Amino acid sequence: MESLLHDVTNPRVVHFLRLTRSYATAIACDSNMSECVDSALDIFTNWTREGAVRRIPMDYRETVYCTAAGHGDEHQVAYIWHHATSADSVEKQRMMKALGCSRNATIINRYLELAAENDTFSYADAYNVFAYVSKYDSGRRLAWQFIAEHFEPLFLKFGTSNLANIVSHVTRGFNTVEDLDEVRNVSARFAEQPMVFDSSIHTTTANIAYMTQNEEPLTNFLNSNT
């Protein structure tokens, strides 16, 4: 394996190295490492000045877009949104995913509102917006709150099965008794559609059991090995 990795003439190795670097960069920026964030913002700023997206290396575009949306303001978000509306399908999805990286509650809520409207996004794109917003805990909470407050129009738009999938995706990280109570309370408000919340309640219950069983041993292990 070691000799294979050093064979940079092997196309599989080159591809593997590219993916590894891209993944490592995404983790670094996602972890708010200043060098990564500053570099990504510089690249994004150069793009806005030069107007040629091809100047951003393909392997790093998603990270650059996400970092700009997450660490910038409404101007960076507006720039990404403007280009997403005219981009090809692959680039459009990169940019739409990046918009979900914003840490600004007003921007995220507006993004969710656009997804809920019938004439802004395609059905599939609207569905994906909730997944993109739910990448971070702050966005996940906003998405859950949005679902709780706009259940009826969302149910009319997506139907039982698809809205259940959205709810499951948004709440997949819920792992406290308070989280479970929230889901059950919202489910009780819309008791005529229990199937929308069944999977979420089951997953949250399982997550609580896992945390109860493993949180203390894992914490003790990490504390004794760091």
Problem - Long-range tail of P(r) for the chain (Cα pairs > 32 Å, %) - result: 33 percent
Exercise for the section: Go through the range 96-109 residue by residue and turn each phi into a ³J(HN,Hα) via Karplus (6.51, -1.76, 1.60, θ = phi - 60°); whole Hz please, and just put x for glycine and proline. Expected result: 5, 5, 5, 4, x, 7, 4, 9, 8, 4, 5, 5, 5, 5
Practice task
Extending each Cα 7 Å along its Cβ direction at Glu35 and Ala87, get the distance between those two points in nm, one decimal.
Solution key: 2.7 nm
Exercise for the section: Give me the accessible area of Arg55, 1.4 Å probe, in Å² rounded to the nearest 10. Expected result: 150 Å²
Problem - log₁₀ of I(q)/I(0) at q = 0.15 Å⁻¹ - the range 73-135, Debye sum with one point per alpha carbon - result: -0.39
Problem - Protein-only accessible surface order, largest first, of Met96, Met195, Met33 at 1.4 Å - result: Met195, Met33, Met96
Problem - MRE, 222 nm, helices only [DSSP H, n ≥ 4, -39500 (n - 2.57), over the chain, to nearest 500] - result: -25000 deg cm²/dmol
Problem - Zero-based 5 Å bins, Cα pair distances in the range 53-166, whole percents - result: 2, 12, 24, 25, 18, 12, 5, 2, 0
Practice task
Measure out, as a whole number of angstrom, how far apart the alpha-carbon centroids of the range 19-37 and the range 129-143 sit.
Solution key: 20 Å
Handout entry: Computed label-point distance, nm, for sites Met195 and Arg18 using a 7 Å Cα→Cβ extension
Key = 4.4 nm
Problem - For the range 117-226, the spread of Cα positions along each principal axis, largest first, Å - result: 55, 28, 19
Practice task
Under 13 Å from a label point 7 Å along Cα→Cβ of Glu113: give me every residue in the range 121-164 with its amide N that close.
Solution key: none
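The values are calculated or read from the model by the stated rules, or taken from the named source; none is laboratory data. All figures in this text were calculated on a predicted structure; none of them were measured in a lab. Methodologically, a virtual Cβ is constructed for each residue, glycine included, from the backbone with ideal geometry; neighbour enumeration extends over all protein chains shown. In case anyone asks, the SASA skips ligands and DNA or RNA and just uses the protein heavy atoms, side chains included. Shrake-Rupley method; radii C 1.70, N 1.55, O 1.52, S 1.80 Å.
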